[in-house]
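Read-outs: derived from the displayed coordinates by stated rules, not from any lab. A quick note: this is a predicted structure, and the numbers were derived from the prediction, not measured. As a convention, Cβ positions derive from the backbone with ideal geometry for all residues, glycine included, and neighbour counts pool all protein chains shown.
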Amino acid sequence: MERYVLVCNINGEASRFHNKITNEVCHKFNKRPQKLPAHITLKAPFETNKIEEMIEVLERFVSVRKKSPIKIEGFGKFRRDVVFMDVQVSLEAKKVHDQLIEELGKIPWIEFKRNEGKDKVFHCTILSRRIQDKFDQIWDYVNKYDCNFDSYFDNLSLYQWKDNTWILDRQFKFKESD
């Protein structure tokens, strides 16, 4: 069984900002960064030896859909465990996401957790591991920054866990436009 995760990579200015703020926070508060670039998780880590089934679905899915706008604005948190950049999806992006969840749900071995699926909170994690001890300081620190970026839901990026890190296995890009 191989371990995978499916995300939408965040690119451009928002990605550069994410890298900068993540590096600063990790250095200043002695925390470890996550092992993925700036992203929105679409399917949390899972294990399978049938990844070809998912790859076929993803290839078909992106071939008939176009990229859609998202806005990354401000920060959010889950309890005192996760600090993230808040992602607002357009109606088009939400529709494409929900269609993706439906298509992935047709694969027999795929299971969605409660915080995945159509009702997920769209976000781009800055820090999430063992941060409770310095949560207030981290929260205050990130909120000194202006976080406001226009971006796109324009890719499905499949990473595989190898050698204690996530390696990009394949990236599927949505069409630019009709």
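Of the chymotrypsin sites (Phe, Trp or Tyr not before Pro) in the range 62-158, the ones in a loop by DSSP (not H, G, I, E or B) with at most 12 other beta carbons within 10 Å are Trp109.
About its Cα centre, how strong a charge dipole does the range 2-173 have in debye, to the nearest 20, once Lys and Arg get +1 and Asp and Glu get -1 at the Cβ?
The calculated dipole for the range 2-173 is roughly 360 debye.
In summary, the lysines within cross-link reach of Lys144, defined as a Cα separation below 24 angstrom excluding same-chain residues under 8 places away, comprise Lys20, Lys28, Lys31, Lys71, Lys77, Lys134. Taking the three principal axes of the alpha carbon atoms in the range 2-173, the coordinate ranges are 44, 35, 27 Å, sorted in descending order. The GluC sites (Glu not before Pro) of the range 101-165 that DSSP puts in a loop, and whose beta carbon has at most 14 other beta carbons within 10 Å, are Glu111.
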